[in-house]
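In what follows, a structure is listed as C-alpha cells, so that the remarks can point back to it.
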Amino acid sequence: MSQSADFFDVAARQRAHRAFTDEPVDDATLERLLDTAVSAPSAENRQPWEFIVVRDADTRTAIGDLMARAWDGGGREHSQHRLSPALLADVDLAMHGGVAAAPVVIVVCADVERGDERTLGSSIFPAVQNLLLGATALGLGTALTTIATVFGRELATLLELPDHVRPVAVVPLGHPARQLGPSKREPAASHTHRDRYGVTWR
C-alpha cells in the first residue's frame, strides 16, 4: 500500500474516543505525536502552540470536574436536542469522568505573544488535527474537546499558565476501551458546489 493510501485510511478511521483503558502511553510515543502536531501550518509560521501533557491523576480529575460543570451548567441542555440519544449518553459519560480517566490529557494552549489573536484558531486547530491523526495511526484514541475552556481562567490557574498562554482545547489520549466503527458522514459531493453556490458538484 502506498503512503498516500495509508494516510487516507487513517483519516477515514479517525473517530472521537471518550472511553479509555488504564494502559499507559509512554513519553516516546507522546513525543512522536507532538512532533507530528507541530508539523502543522501556522499563520505567519509563528507556531503559537503550547502543550501541557497531564498525567497526574488529581489534575486530570480537576480538568474533568471543569468539563462536568460546563456540561451540566448548560452544555447538555444545548446539545440534548442536537445529538442522538446514543451519542448524548456517550458524551454524558465522557463529561462525567470518561475524559479524566484517559491516562493522558493534553491541554493545547495558544501563546498570544507569538501569534495574532485573530489567527490563533487557524494555527492551533491544524496542530490538534495532526495530533488526532497521529494517534489514530498508532492505534490510540483521542477526542477534540473545548468545553473546559468555558472555565478558561480556572483551567489556566490549575495548570499555572502565564497570562499570555491561554487554553484552547483539551485532548484525552489513550488506548481505546472499545473500537469504533466508521464515522457517519454525508458524502462530500452533497456539500460541494462547482464555481458558485448552488451549482452541484455532480
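Cβ separations smaller than 9 Å between residues 6+ apart or across chains give the following pairs from the stretch 35-47 residues that are closer than 16 Å to Asp111 by Cα to residues that are loosely packed, with under 13 Cβ neighbours inside 10 Å and among the charged types (D, E, K, R): Ala43/Arg118.
Among residues that are touching a residue at least 12 places away in the same chain (Cβ under 8 Å), closer than 23 Å to Val38 by Cβ and of a type in the set (Asp, Glu), Asp111 is included.
Please go through the stretch 145-202 and pick out each residue that is in a loop (DSSP other than H, G, I, E, B), hydroxyl-bearing (Ser, Thr, Tyr) and touching a residue at least 60 places away in the same chain (Cβ under 8 Å). Of everything in the stretch 145-202, just one residue is in a loop (DSSP other than H, G, I, E, B), hydroxyl-bearing (Ser, Thr, Tyr) and touching a residue at least 60 places away in the same chain (Cβ under 8 Å), namely Ser183. Considering the stretch 1-24, the residues that are in a loop (DSSP other than H, G, I, E, B) and small (Gly, Ala, Ser) include one that is surrounded by the fewest Cβ atoms within 10 Å (Cβ to Cβ), namely Ser2. Residues in the stretch 141-166 that are hydroxyl-bearing (Ser, Thr, Tyr) and in contact with a Leu (Cβ under 9 Å, 6 or more places away or on another chain): Thr142, Thr149.
When the stretch 155-202 is filtered for residues that are touching a helix residue (DSSP H, G or I) at 6+ places or on another chain (Cβ under 6 Å) and closer than 17 Å to Arg69 by Cβ, the ones remaining, listed by number, are Leu155, Leu158, Pro167, Val170.
The helices (runs of 4 or more DSSP H) falling completely within the stretch 25-131 that include 2 or more residues that are buried (at least 17 other Cβ atoms within 10 Å of the Cβ) and either on the phi < 0 side of the Ramachandran plot or aromatic (Phe, Trp, Tyr) (or both) map to 27-37, 57-70, 85-93. Residues in the stretch 28-54 that are more than 13 Å from Ile124 (Cβ to Cβ), modelled with pLDDT of 95 or more and either more than 17 Å from the chain's Cα centre (by Cα) or not hydrophobic (A, V, I, L, M, F, W, C) (or both): Ala28, Thr29, Glu31, Arg32, Asp35, Thr36, Ser39.
The values are calculated or read from the model by the stated rules, or taken from the named source; none is laboratory data. Just so it is clear, the structure is predicted and the values come from calculations on it, not from any experiment. Cβ sites come from the backbone with ideal geometry, for glycine too, and all protein chains shown count toward neighbours.
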